[in-house]
Amino acid sequence: MKHSSNFINGKCFFIFLCGITFLTKLSFCIGDLDVACIDAEKKALVKFKEGLTDPSGRLSSWVGDDCCRWEGVSCNNRTGHVVELNLRCPYSESLDGNGMVQTLSGKINPSLLVLKYLNHLDLSMNDFGGSQIPSFIGSLQSLRYLNLSGASFSGTIPPSLGNLSRLIYLDLNKVDQFELTKSSLSWLSGLSSLKYLHLGGWDLSLSATDWLQIVNRLPLLLEFHFPFCQLSNLPFTLPSLNFTSLKVLDLSNNRFISAVPDWLFNLKSLVNLDLNSNNLYGPLPDKIANLASLENLDFSLNTIEGQLSKELGKLCNLRSLKLSQNRITGEITNILDSLSTCSRSNLETLNLGYNELTGNLPNSLGYLKSLRYLQMSYNLFQGSLPGSIGNLSSLEQISLSYNKLSGIPESLGQLSKLTILDISENIWDGVITEIHLANLSSLKELTINKRSPNISLVFNISSDWIPPFKLTYLLIRSSQVGPKFPTWLKNQSDLTFLVLSNAMISDTIPNWFLNLDLQLDKLDIAFNQLSGRVPNSFIFNKECTVKLTTNRFQGPLPLWSSNITELYLADNQFSGPIAPNIGEVMPLLSDLDVSYNSLSGNIPLSIGNLTGLMTLVISNNELSGQIPHFWENKQFMYIVDMSNNSFSGTIPTTMGYLSFVEFLVLSSNKLSGEFPSSLKNCTNMFSLDLGDNRFTGKLPAWIGEGMHNLLILRLRSNSFSGNIPHQFCGLSKLHIMDLSHNHLTGHIPHCIGNLSGLKSEDIEEITYQGKLKVIAKGRVLLYDSILYIFNSIDLSNNNLSGDIPMELTELIKLGNLNLSKNQLTGQLPSSIGNFEWIETLDISMNHISGPIPLSMTSLTFLSHLNLSYNNLSGKIPTTNQFLTLDDPSIYQGNAGLCGRPLSTECTDSSQSKPGGDEEDGDGDGGDKFEKLGLIISILIGFLVGFWGVCGTLIIKRSWRIAYFRFADRVKSVCLLMF
């Protein structure tokens with residue numbers, strides 16, 4: 001984009017602006033004025049100035065009698081008439097010492113109408129506060145150049161501008177966000193002399209159907225910019241094409257939904273084509289080769305499909321090719337081979353990122369000698385980078401992230417102008433040595449991030465090697481840099497971003513690294529085996545992230561400067577208390593994770609001063625005491641995890657101020673009291689875990705009435721009593737409910753079938769997984785990365801009674817159901833076979849009676865079943881999944897069950913059909929009826945079959961004759977064969 005802009009300024013603007021300057025200044029020299037300005041025009045300019053606000057004094061020279069010497073004013077040196085008014089705010093110089101933009105503002109006075117010979121008006125990059133473009137400008141008949149771009153005008157474009165028939169250059173480009181009303185383009189047809197037109201950012205949807213026809217009436221047009229104009233109709237064809245001299249066409253960021261239009265390829269003089277960020281679809285036609293003069297092609301962010309046409313390779317004048325974020329497939333070998341055959345390749349920018357390109361990067365890539373920017377991220381390229389890449393001596397930026405590339409050639413180290421190298425998220429393997437980095441003297445950013453945590457890329461660099469570069473950004477993840485801390489960083493004193501994560505470094509942080517005095521924005525050395533104490537001498541810039549997770553650091557928690565916003569120290573060996581002044585030393589903290597350490601003591605009250613805190617994870621430590629009452633100013637927190645500590649007392653009522661909290665995890669502590677009613681305000685909750693504490697009282701119905709986003713409800717191992725509120729059935733997104741090990745009574749609500757989150761195919765992956773212990777498959781399992789796909793209901797170890805509701809079997813996505821150790825009665829639901837995803841089913845230690853339903857044999861995922869210690873009877877099924885469930889302990893304690901794997905054999909008097917009701921009378925009676933039915937069926941089948949064939953032969957004489965003739969022929973054939 002930067003090059004494209006430079007190109008336009010360097011070539012097209014040279015044609016337009018110098019031409020206009022020639023017309024306006026050839027005979028109007030500004031240096032030696034022969035006559036003073038006209039008095040009436042001077043007064044008009046003074047009046048114009050009075051309507052403006054000029055905080056920087058840019059118009060301070062507007063004093064004295066000779067207005068032709070005022071800044072921004074130019075006059076005809078023979079007549080004295082003002083011909084040019086250039087008050088463009090010079091953006092690069094618009095900041096004063098206080099960082100305030102010093103632009104002109106206020107109101108444009110119609111006194112400018114006095115300047116009848118004004119041919120150049122530039123008020124661009126000022127701030128007119130969203131006011132309407134003055135319609136009187138359309139009366140300045142001599143205007144040839146009008147530039148109001150970036151001047152914060154709004155409303156509609158005044159149709160009076162169509163009166164400026166001499167206008168050559170018109171730029172109304174909007175760069176602000178003022179609300180617009182829809183503007184028509186009918187006035188544009190009057191500007192027959194126009195060569196440059198920029199209406200970017202204006203809502204032109206009123207002319208959605210005829211905008212192109214209107215522009216097509218401007219035969220002299222050379223540049224045409226309509227980005228962000230809310231246009232939706234892009235005609236595929238035009239009856240005739242008038243602006244055939246067009247060099248620049250920018251229709252980016254509109255709403256076109258069409259194929260790439262055919263008329264584009266008749267613009268033989270086109271140099272820059274930008275159609276990015278639309279909804280164009282279909283392949284790029286071979287006619288694109290007709291655009292022989294094309295230098296910049298940008299079709300990014302459309303839905304261009306298919307393979308790249310080899311005809312693109314004929315565009316030897318191309319300087320910029322941008323086709324990113326489309327659906328382009330296939331290989332790029334042909335097009336790069338074609339481009340490389342140009343006598344002199346001009347291509348500087350190649351952007352094919354975010355497509356579906358496959359295959360290897362061809363060796364011909366190294367023949368595009370002018371290439372400066374290479375962007376091919378988010379594709380499916382594989383294999384090694386071509387060795388010829390070292391020939392690209394002009395290359396400045398490489399981005400090949402998110403592919404399947406595996407090999408890095410040594411020639412990469414020859415790119416002396418390379419500043420950014422991003423080859424992250426690939427499957428790199430092999431060894432990187434000094435040769436790979438030898439001549440990268442301009443390198444500033446290096447990113448090598450493996451796609452998987454498996455390490456297959458090794459940095460084998462000598463300890464005394466001194467790099468030729470000075471990096472500011474270094475990210476190496478899931479590659480072996482260790483075991484020693486890399487000494488080649490000794491001279492990298494410009495680093496502001498350092499990530500050496502999962503790099504197999506088993507060392508201490510060396511003193512020489514501390515002596516670099518780095519001003520860091522990010523430090524991430526997580527998932528290594530670094531040990532020792534973490535020094536407090538690091539210097540961090542504002543809004544810095546520090547991540548030391550999963551190492552072996554010891555000693556007290558480090559305290560650093562006030563600039564840290566994200567601090568991750570989890571899974572180390574830090575001990576002692578959290579510093580009581582942590583909230584004062586690091587007041588900007590938004591994320592604090594010190595879990596899985598050996599911290600002790602209380603929660604510091606100074607954490608209450610962290611008004612920007614959003615996540616607080618202090619789980620799995622040895623912290624104690626009560627939870628402080630400092631939550632009033634924490635309404636934007638969304639993660640609070642204090643689990644696996646020794647906190648006591650009640651939950652503070654001030655936690656009710658956490659109205660945006662999504663994850664509240666207080667499990668495995670010594671908390672007591674009743675369920676705090678203040679949590680009723682936390683309606684955005686995703687996960688509520690108060691398990692393994694000492695809470696008492698009843699379960700509040702408002703959980704089901706207000707927490708509609710709840711995915712996980714875990715209240716196990718407390719002393720809750722009473723019924724399960726039927727309002728819990730309203731938790732439509734719930735996929736884990738654990739109310740086990742309490743004192744709950746009453747029936748399981750029949751509305752439990754309304755838990756649609758356990759019936760739907762949709763899975764909502766939550767952003768913070770955490771870790772959750774669940775009882776499944778007969779043991780305690782720890783779920784973390786796949787927690788969001790685990791579906792479970794655990795109501796075990798309570799005093800629930802009544803039948804197992806039939807509606808429970810509607811929850812077909814359940815993976816774990818535990819109803820054991822209750823007082824449930826009745827029979828197993830006949831529809832229990834609906835649990836098509838069930839893996840663990842435990843209904844042991846209840847009073848369930850009757851047979852095992854035959855439908856259970858269809859539970860193909862069932863791997864753990866426990867029906868022990870109930871009153872079940874009848875024969876145990878022996879088909880399908882029950883062939884694998886052959887542990888006798890599954891069925892023990894059911895006196896009426898018989899058959900394998902139990903030692904109790906089934907007798908005629910004890911057998912019954914699994915899954916069905918027994919017939920009236922004894923078992924023998926049932927068997928006799930079955931045998932009688934079988935005999936009758938056989939007799940009926942015989943009679944129908946016999947008389948269906950033989951009866952027909954007896955009745956129909958013609959069939960009988962044909963049958964015996966056939967039998968004779970078969971007999972004759974058999975005699976000949978033998």
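FYI, it's all coordinate maths here, none of it is from the lab. The model shown is predicted, which means the values in this text are computed figures rather than measured ones. Cβ: placed from backbone, ideal geometry, glycine included. Neighbour counts: every protein chain shown.
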Counting only DSSP beta bridges with both partners in the chain, the antiparallel fraction in percent, to the nearest 5, comes to 5
What do you get for the angle between helix 957-977 and the principal long axis of the chain? Use alpha-carbon atoms, 0 to 90 degrees, nearest ten. 90
What percent of all Cα-Cα pairs in the chain falls into each 20 Å bin, going from 0 up to the bin containing the maximum distance? 10, 24, 30, 22, 10, 3, 0
Tilt, helix 39-50 to longest principal axis of the chain (alpha-carbon atoms), in degrees rounded to tens, equals 30
Length gained, residue 511-residue 605, 0.36 nm per residue minus C-alpha separation, equals 30.4 nm
Prolate/oblate/rounded call for the range 796-911, Cα gyration tensor, a/c under 1.5 rounded: oblate
Would you mind checking 670/733; 450/813; 484/522; 470/522 for any pair whose Cα atoms are more than 25 angstrom apart? 670/733; 450/813
Using θ = phi - 60° and the Karplus form 6.51 cos²θ - 1.76 cosθ + 1.60, what ³J(HN,Hα) does each residue of the range 263-275 get, whole Hz, x for Gly and Pro? 5, 4, 7, 9, 8, 5, 8, 4, 10, 10, 10, 10, 10
Under the rule rounded for a/c under 1.5, else prolate if a/b exceeds b/c, else oblate, using alpha carbon gyration tensor axes a ≥ b ≥ c, the range 411-516 is classed as rounded
Acute angle (nearest 10 degrees) that the helix 923-955 long axis makes with the longest principal axis of the chain, alpha-carbon atoms: 70
Answer in debye to the nearest 20: the dipole magnitude of the chain about its Cα centre, from +1 Lys/Arg and -1 Asp/Glu charges placed on Cβ, is 2360
Near-label residues of the range 345-384 by backbone N, under 12 Å of a point 7 Å along Cα→Cβ of residue 281: none
Relative contact order for the chain, counting Cα pairs under 8 Å that sit 6 or more residues apart, in percent: 3
So for the range 193-276, considering every pair of alpha-carbon atoms, how many percent are separated by more than 16 Å? 49
Given backbone amide H placed at 1.01 Å from N, residues whose amide H is under 5 Å from that of residue 673, ignoring those fewer than 5 places away on the same chain, are 696
Sequence-distant residues sharing a close amide H with residue 873 (under 5 Å, placed H): 850, 852
Semi-axes in Å, largest first, for the range 272-415 (Cα gyration tensor, √(5λ)) are 23, 18, 13
Considering only 660, 399, 835, whose Cα is most displaced toward the positive end of the charge dipole of the chain, charges sitting on Cβ of Lys, Arg (+1) and Asp, Glu (-1)? 399
What's the exposure ranking of 544, 89, going from fewest to most Cβ atoms within 10 Å? 89, 544
Return the whole-Å distance between the Cα centroid of the range 515-547 and the Cα centroid of the range 186-217. 56
The range 622-692 -> Rg/Rh from Cα coords, Kirkwood Rh, value 0.92
Using helices alone, I'd like the mean residue ellipticity at 222 nm for the chain: each DSSP H run of four-plus residues gives -39500 (n - 2.57), total over residue count, nearest 500. -3500 deg cm²/dmol
